[in-house]
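This report concerns only the one structure given below.
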Amino acid sequence: MGLLGKLVKFLLGPCLKPTTTGGDSESLGPYGVSAVTVGDSALALDLFNFEITSQVPEGLSQHVVSSKKAQANWYRKLVEAWREAQPPPRTAEEEARLVIQTLNRQQKAVEGLLAFYGLPLPHAVVEVPAKLPTSWPQGVQFEFQTLPVDARAVADGDGLAVYVSTADPTESSRVPNEVQMAAVQRAKARAKKNYTKADELHKKITDAGYRVLNIQNEEILARKCRIRLRGIDAPENEMPYGQEAKQELVRLLEGKCLRVLVYGEDQFERTVADLHCNGIFVQEELLKKGAAWHYAAYDQRPEFARWEKEARRRRVGLWASSNPEKPWEWRKHRRGGRS
């Protein structure tokens, strides 16, 4: 018996045997157990069986459309996540959270598995705030991961829109019920080839700040988030070097998933954040390339001043000009009616 099997046997004991409970039949998973009783043990048993046989449970395909190979890959990830969990899940909510966190970019897999085991749906799982990592800069409130960035969503050299999967643990509990319902109804409408109805429902979703994205042939419900990079100010698009600064940001981010460290919101309700991409600190890269100024009025980090000074010395990017106009002064002049 493997490590996971011993752990399951020790923790769950007699609960491993599927049990029929009373109550509303709609709340029961395929094993006849509810999320509030021993529904979580059914997943533990299946993970134990998968570790031994490499076989996914019969009946799962009624809840998901992915291939057996894809299903097996999910269970491998879940087995590993269960092993690493300290302590291992003991409640339905903890099991649901493990599934969401392990398969956080595969919305249909998450929803199918939760339905199969009768576990709480993502919006019903309340996340426990994590302890702030010591590696976060001072002032960071939380972080999240984005879906791949669309180049068309980059507005200028220091701002863009990103999408965050609602299966992400930081998002799952915040999705409005009406958005969840619209997404489910849209999927049903598309399955019936009622595309007019599906488009109407998608408009309802987008009006609420969400969108259904197709990523690697999988539809993902995601929230739109507008981001303003903290501590830098790039030339506006209409300014000299404005388009070059924008393209530099596109080059860095297009098609990539981002790690977003959030400080708060600005007066335009944009998320003010640090961005990290494939191990690169985006603001550092932009400052060193001369694609932005250090915005010292709002961020006094000494390394930002140092990176700008380095670009000035090398006369790269906007610093190739002998006297580039500061973006904040340009905006002030525009507001005052000056060209």
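Taking 0.36 nm per residue of separation and subtracting the current Cα-Cα distance, fully stretching the chain between GLU80 and ARG152 would add 22.2 nm. Between GLN138 and GLU265, the contour length at 0.36 nm per residue exceeds the alpha carbon distance by 44.2 nm. 3J(HN,Hα) along segment 89-100, derived from phi through the Karplus expression 6.51 cos²θ - 1.76 cosθ + 1.60 where θ = phi - 60°, amounts to x, 10, 10, 4, 5, 5, 5, 4, 5, 4, 4, 4 Hz, with x in place of Gly and Pro.
Evaluating 6.51 cos²θ - 1.76 cosθ + 1.60 at θ = phi - 60° for every residue in segment 49-65, the Karplus couplings come out as 5, 5, 4, 8, 10, 6, 10, 7, x, 5, x, 4, 5, 6, 10, 9, 9 Hz, glycine and proline recorded as x. Dipole of segment 151-275 computed with +1 at Lys/Arg Cβ and -1 at Asp/Glu Cβ about the Cα centre; of VAL212, ASN194, SER165, farthest Cα towards the positive end is ASN194.
Taking label positions 7 Å along the Cα-Cβ direction at both GLN300 and ARG251, the computed distance is 3.4 nm, reported to one decimal. In order along segment 281-290, phi translates into HN-Hα couplings of 7, 4, 4, 4, 4, 5, 5, 5, 7, x Hz, rounded to whole numbers, per the Karplus curve 6.51 cos²θ - 1.76 cosθ + 1.60 with θ = phi - 60° and x for Gly and Pro. Relative to the Cα centre, the charge distribution of segment 142-283, modelled as +1 at Lys and Arg Cβ and -1 at Asp and Glu Cβ, gives a dipole magnitude of about 900 debye. Other residues lying with their Cβ under 15 Å from the Cβ of ARG186 contribute a combined charge of +2, Lys and Arg counting +1, Asp and Glu -1.
For LYS69 and HIS333, what is the calculated FRET efficiency with R₀ set at 41 Å and r taken between the beta-carbons, to the nearest 0.05?
0.10
Close amide H contacts of LYS256 (hydrogens built in the peptide plane, cut-off under 5 Å, sequence separation of 5 or more or a different chain): VAL149.
Would you mind checking LYS289/LYS309; LYS192/LYS224; LYS246/LYS326; LYS288/LYS326 for any pair whose Cα atoms are more than 20 angstrom apart?
LYS192/LYS224
Taking the charge dipole of segment 269-317 about its Cα centre, with +1 at Lys and Arg Cβ atoms and -1 at Asp and Glu Cβ atoms, the residue from CYS277, TRP293, ALA311 reaching farthest to the positive side is ALA311. Ordering THR146, GLN243, LEU261 by Cα displacement along the dipole of segment 142-283 toward the positive end leaves THR146 in first place; charges were set at the Cβ atoms of Lys, Arg (+1) and Asp, Glu (-1).
Here, each number is a calculation from the coordinates, and none is a lab measurement. It should be emphasised that the depicted structure is a prediction, and the values quoted were computed from it without experimental measurement. So basically every Cβ, Gly included, is an ideal-geometry build from the backbone, and we count neighbours across all protein chains shown.
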